[in-house]
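In what follows, a single structure is set out as structure tokens and then discussed.
The values are calculated or read from the model by the stated rules, or taken from the named source; none is laboratory data. Since this is a predicted model, take the numbers as computed values, not measurements. Glycine also receives a Cβ, built like all others from the backbone with ideal geometry; neighbour counts cover every protein chain displayed.
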Amino acid sequence: MKNFNTVLFILVTLAIGVLVFISFIAAFGEDEGTLRPDSSWIIFARLFVVFRFPTHTLLWPIIVKHGSEIYISGLVFNCIFYGLYIERFISLFKKN
């Protein structure tokens, strides 16, 4: 990781964080039944399943046991994970 671009990492992580927040709100609205089925917010609600991976998929029993602090921490970890993954992916193509 010699050519790690910190600015790109932070920007991508923040962008993913915004998308996670929007999709979390949309998924909450769908669970509560306040989201119309013909709404474009359904796309964001479905995307929340993607943004929950890997922590919530792999560590769900631990998250349920310990509550909302671990739930939110898992989402933050996922944002950082996706930010790192995308930054490395972009740097790979920049190098070639």
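Pairs linking a residue in the range 1-13 that is within 12 Å of Phe89 (Cα to Cα) and modelled with pLDDT of 90 or more to a residue that is surrounded by 14 or more Cβ atoms within 10 Å (Cβ to Cβ) and among the small types (Gly, Ala, Ser), with Cβ atoms under 6 Å and 6 or more positions apart or on different chains, are Phe9/Gly83; Val12/Gly83. Applying the criterion of at least 1 residues that are of a type outside the set (S, T, N, Q) and at pLDDT 95 or above to the helices (runs of 4 or more DSSP H) found wholly in the range 55-96 leaves 68-95.
Selection of first residues in the range 48-72 that are more than 18 Å from Phe28 (Cα to Cα) and of second residues that are of a type outside the set (Phe, Trp, Tyr), restricted to Cβ pairs under 8 Å at least 6 apart or on distinct chains, gives the following pairs, ordered by first then second residue: Pro54/Asn78; Thr55/Ile63; Thr55/Gly74; Thr55/Leu75; Thr55/Asn78; Leu59/Gly74; Ile62/Ile70. Of the residues Ile25, Ile90, the single one that is of a type in the set (A, V, I, L, M), in contact with a helix residue (DSSP H, G or I) (Cβ under 7 Å, 6 or more places away or on another chain) and surrounded by 11 or more Cβ atoms within 10 Å (Cβ to Cβ) is Ile90. Scanning the range 12-33 for residues that are in a helix (DSSP H, G or I) and either farther than 21 Å from Gly83 by Cα or over 14 Å from the mean Cα position of the chain (by Cα) (or both) yields Ala26, Ala27, Phe28, Gly29, Glu30, Asp31, Glu32.
Given (1) more than 24 Å from Phe4 (Cα to Cα); (2) free of Cβ contacts under 8 Å to residues at least 24 places away in the same chain, identify the lone condition not met by Phe24. It is condition (2) that Phe24 fails. State whether the residues of the range 46-63 include one that is closer than 14 Å to Ile10 by Cα and either among the aromatic types (Phe, Trp, Tyr) or in contact with a His (Cβ under 9 Å, 6 or more places away or on another chain) (or both). Looking for residues that are closer than 14 Å to Ile10 by Cα and either among the aromatic types (Phe, Trp, Tyr) or in contact with a His (Cβ under 9 Å, 6 or more places away or on another chain) (or both), one finds none in the range 46-63, hence no.
Within the bounds of the range 34-43, is there any residue that is among the small types (Gly, Ala, Ser) and outside any helix (DSSP H, G or I)? Full working, then the answer.
Taking the range 34-43 first, the residues among the small types (Gly, Ala, Ser) are 39-40.
Keeping just the survivors that are outside any helix (DSSP H, G or I) gives 39-40.
Yes, the range 34-43 has at least one match.
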